[in-house]
Amino acid sequence: MDENIDFPWPERDLIPFEISEISADRVLVIAPHPDDETLGCGGSLIQHVERGEKVMILFLTDGSGGDFSGSFAQKDYIALREEEATNACQVLGVDTFRFLRFTDRKLGHDSNHLDRVKEEIRIFNPNLIYVPSPLEINPDHRTAASLVWQATSELKLSLQIVFYEISTALQPNKLVDITEYVNKKRLAASCYQSQMQQINYLDIALSINKFRTLTVSGISDYAEGFLVVDRIKSMGKKLSDFFSIRKMEKLEDCVSTPLVSIIVRTKDRPKLLTEALKSIEDQYYKNLEVILVNDGGQEIRNLIEPFKRTLTIKAVDHCSSKGRSVAANTGLRMATGSYIGFLDDDDLLYPDHVESLVRFIHSSDKADFVYSDCILCRYNLNPQNSQLTKLEERAFKGIDYNQDRLYQMNFIPIMTALFSKELLQKSGPMDESLDVFEDWDLWIRMSLHTDFNHLPKITAEYRIIGDRSYDYLAGQIKIYEKYWQIFTPKKIIGWLHKTQGENDQLKAELEKIKYRNLPDQTLSSDR
């Protein structure tokens, strides 16, 4: 950053110098964990209740990850946290609250989470929603912000979203004086003894509340700071539009945020493509370009036009279907990013996917290839209305990189991988003679130039849609024949003896999953 750059805007453009009142008839509080509601906005909630406004608290997770001591049985600990939350609500004066009991630290890893949150918002019909800011450290806090943003976008309700802070300071546009209510906030927080005995979260929260009086010190002893956003007026905008450092975004050091290219292959699946592009649009990491390759499918220009407001999209149409490998190579040739990933039109990325992989690359001395874990979901597709019905869901994780394993089977789903353009130049593009396992072939060639890095974190959803019967064995034999110098009988026998126990477990898992490396016709809507 140029040290001589002048910043002409006054302090009042960055933080309020006055106390505000936040009021609404129906107030919904999103608490990712029991205690977030009290620590983040407890003083303001007491005021809502005292004014006779209807307040409901929605506890998203079961809080099971908060037992650092490990001294509780999980069932007992969850019950304890709900009892503490019930007592805290009584102190706050809130008599309406619900526990959704999603797994702690797994928020957003189930596609049902958005539907549940959206349904709760629809039923309660609030005109104001409190939710943690996406700047928070805890992943459940950040995911909660993303879920609320997406849910309110789809519902198109006229309301305000009030982002609150717990562990990370945000840049507020409203300060609410809670001096009169701070003792009651202390009492409510003291209900969470299971948490306060481990870390004094109350002291931390009150320190933030004290800090918030910096510009209103003559008026308030304690204040809660919020960023309030009108949801209707902000339609079409991204969360990052409100949470970047104001007026300084373009001064960021681009070296720390390399351009990432995401290649999307599609054919005749507009609804699924829309969902895939939405998952890219929702990425926390913003230095992205999308290379969209329509492999001879129906016209999609009208579909992608709305996304061009928020994404850099390079779209190309094949006049006829050329197959998966050719479509991939078209995207690879057009990609200009320092790093490249794939997202086929039927899969999804979670909001922290690219950010997590790029951070991992930088922490690993700029590794050339990194892959994460994913959720496997199997769906039925109704051809009449394109509605999906989930049949099965499981986590696929924990397979650390081993080159011998990679030679035997593909355990890296294509949407979980991110690799450098330099590595692609060394290994060469997809083999266009392959109509199945084309990514496995690419991984094998890339593994000859570098070690792969495994990030043990679920960041994507791999979706199997409809019934499939593909000759995976024939595809595997074709790979073995191509690499006959590697896959010699002597080496195969050595691998089997060396990793028999590991392979039995891995084969059983992969047999359930049958990772998708599909022929070109499966890009159509029959999948």
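For E392, are the conditions met, namely being over 24 Å from the mean Cα position of the chain (by Cα), among the charged types (D, E, K, R) and surrounded by fewer than 21 Cβ atoms within 10 Å (Cβ to Cβ)? Judged against the criteria, E392 is not a match. The single condition among (1) assigned to a helix (DSSP H, G or I); (2) within 21 Å of the chain's Cα centre (by Cα) that P351 does not meet is (1).
Residue count for region 39-88 under the criterion of being of a type in the set (D, E, K, R) and more than 24 Å from L114 (Cα to Cα): the result is 8. Restricted to helices (runs of 4 or more DSSP H) entirely inside region 423-527, those with at least 3 residues that are charged (D, E, K, R) and either touching a helix residue (DSSP H, G or I) at 6+ places or on another chain (Cβ under 7 Å) or at pLDDT 55 or above (or both) are 438-447, 472-482, 489-498. The C-beta contact set for region 316-333 (first residue in the same structural domain as L303 (by TED's automatic domain parsing), second residue assigned to a helix (DSSP H, G or I) and of a type in the set (A, V, I, L, M, F, W, C), distance under 7 angstrom, 6+ apart or interchain) comprises V316/M334; H318/A327; R324/L523; L332/L424.
Taken over region 60-88, the criterion of being part of a helix (DSSP H, G or I), free of Cβ contacts under 8 Å to residues at least 24 places away in the same chain and not β-branched (V, I, T) is satisfied by Q74, K75, D76, A79, E83. Is region 377-388 home to any residue that is hydrophobic (A, V, I, L, M, F, W, C), closer than 24 Å to L107 by Cα and either at pLDDT 95 or above or surrounded by 20 or more Cβ atoms within 10 Å (Cβ to Cβ) (or both)? Yes, region 377-388 contains a residue that is hydrophobic (A, V, I, L, M, F, W, C), closer than 24 Å to L107 by Cα and either at pLDDT 95 or above or surrounded by 20 or more Cβ atoms within 10 Å (Cβ to Cβ) (or both).
Per-residue answers, yes or no, for (1) touching a Ser or Thr at 6+ places or on another chain (Cβ under 8 Å); (2) within 19 Å of Y222 (Cβ to Cβ):
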| residue | (1), (2) |
| --- | --- |
| S146 | no, no |
| Q160 | no, no |
| E165 | yes, yes |
| A169 | no, yes |
| N173 | no, yes |
| V182 | no, yes |
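If only residues of region 284-305 that are assigned to a loop (DSSP other than H, G, I, E, B) and at pLDDT 90 or above are counted, the one that is surrounded by the fewest Cβ atoms within 10 Å (Cβ to Cβ) is E299.
Each row is one residue, and each column tells you yes or no for (1) among the β-branched types (V, I, T); (2) more than 30 Å from L80 (Cα to Cα); (3) surrounded by fewer than 20 Cβ atoms within 10 Å (Cβ to Cβ).
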position	(1), (2), (3)
L155	no, yes, yes
F163	no, no, no
N173	no, yes, yes
D203	no, no, yes
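For region 7-59, the candidate set comprises residues that are outside any strand (DSSP E or B) and among the β-branched types (V, I, T); within that set, the residue that is nearest to Y192 (Cα to Cα) is T38. Here Y371 passes the criteria (1) touching a Cys at 6+ places or on another chain (Cβ under 9 Å); (2) within 23 Å of L288 (Cα to Cα) except the one numbered (1).
Return the residues of region 123-132 that are buried (at least 19 other Cβ atoms within 10 Å of the Cβ) and either modelled with pLDDT under 95 or among the β-branched types (V, I, T) (or both); say none if nothing qualifies. Of everything in region 123-132, those that are buried (at least 19 other Cβ atoms within 10 Å of the Cβ) and either modelled with pLDDT under 95 or among the β-branched types (V, I, T) (or both) turn out to be I129, V131. Can you tell me which residue is modelled with the lowest pLDDT among those in region 306-329 that are in contact with a Lys or Arg (Cβ under 8 Å, 6 or more places away or on another chain) and under 18 Å from L442 (Cα atoms)? Looking at the filtered set, the residue picked out is R324. A residue that is under 30 Å from S433 (Cα atoms), at pLDDT 95 or above, not in a helix (DSSP H, G or I) and not assigned by TED's automatic domain parsing to the domain that holds N138 occurs somewhere in region 358-370. Check whether at least one residue in region 385-402 is farther than 20 Å from D344 by Cβ, in contact with a Phe, Trp or Tyr (Cβ under 7 Å, 6 or more places away or on another chain) and part of a helix (DSSP H, G or I), and report yes or no. Looking through region 385-402, none of the residues is farther than 20 Å from D344 by Cβ, in contact with a Phe, Trp or Tyr (Cβ under 7 Å, 6 or more places away or on another chain) and part of a helix (DSSP H, G or I). Just give me the residues in region 439-456 being in contact with an Asp or Glu (Cβ under 6 Å, 6 or more places away or on another chain) and surrounded by 19 or more Cβ atoms within 10 Å (Cβ to Cβ), in sequence order. The answer is D441, H454.
Close contacts from region 35-55, counting a first residue that is touching a residue at least 12 places away in the same chain (Cβ under 8 Å) and over 15 Å from S190 (Cα atoms) and a second that is basic (K, R) and assigned to a helix (DSSP H, G or I), with Cβ to Cβ under 6 Å and a gap of 6+ residues or different chains, come to I46/K184. Scanning region 331-348 for residues that are surrounded by 22 or more Cβ atoms within 10 Å (Cβ to Cβ) and part of a helix (DSSP H, G or I) gives a single hit, G331.
If you check I232, I262 for being surrounded by fewer than 18 Cβ atoms within 10 Å (Cβ to Cβ) and either under 30 Å from H362 (Cα atoms) or at pLDDT below 90 (or both), only one passes: I232.
The values are calculated or read from the model by the stated rules, or taken from the named source; none is laboratory data. Note that the coordinates shown come from a computational prediction; the quantities given were computed from them, not determined experimentally. Cβ atoms come from the backbone with ideal geometry, glycine included; neighbour counts cover every protein chain shown.
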